[in-house]
1. So what is the 222 nm mean residue ellipticity for the chain from helices alone, if each DSSP H run of at least 4 adds -39500 (n - 2.57) and you divide by all residues, rounding to the nearest 500 deg cm²/dmol?
2. Tell me, how many Å apart are the Cα centres for the stretch 32-53 and for the stretch 96-132?
3. Could you work out which residue, out of Val131, Val72, Val56, moves most in a Gaussian network model of the chain, that is, has the largest mean-square fluctuation with Cα springs under 10 Å?
4. Can you compute the charge dipole magnitude of the chain about its Cα centre, using +1 on each Lys and Arg Cβ and -1 on each Asp and Glu Cβ, nothing else charged? Give it in debye, rounded to the nearest 20.
5. Of the candidates Leu48, Leu23, Leu81, which one comes out as most mobile in a Gaussian network treatment of the chain with C-alpha springs shorter than 10 Å?
Amino acid sequence: MYKTVFAGLACAVLVSPVVADTLILTDSGMSFDDATFAVSATIVGRGLVIDHTSRVGEMLERTRADIGSDVVLFTGADIFLFCSAAVSREVMEADWQNIANCPYGVQVIERPGEGVMIGYVHRDAESMAPVNALLAGIVAEATE
């Protein structure tokens, strides 16, 4: 079903049902540096290529004073972004709109005074089950 967004303009948006996603976090039992190494080694060890490592924690800390905040959100927070050709094809053949979920991310998060967590966003769409399994497997292997 297509819906016109702006009257008089040739713009359309595909409207689909809203699904809830959940951030799944696992205590790593490691230091931040060891956890980031474990995640990157696990991803690469599965034959996947890390396209980008987003240093979210560093960015938020670097800009904290500029924004006028005194809240330290993270002592470390990196997101490893990557894709799997096989899994991506599978989920996009099931529903081409799954392109919006690629690349996939695994987060390594350390909050002040808390342990280091490794996680991923679990997508509730049934067609994303292969991605959920891939990400859960990476987190499990990295935290072994």
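No value in this document is a laboratory result; all are computed from the given coordinates. Keep in mind the model is a prediction, meaning the values are calculated, not measured. Positions of Cβ are backbone-derived with ideal geometry, glycine not excepted, and every protein chain shown enters the neighbour counts.
1. -11000 deg cm²/dmol, from helical runs alone.
2. After rounding, the separation between the Cα centres reads 14 Å.
3. Answer for the Gaussian network model of the chain: Val72.
4. That gives a dipole near 460 debye.
5. Result: Leu23 has the largest fluctuation of those listed.
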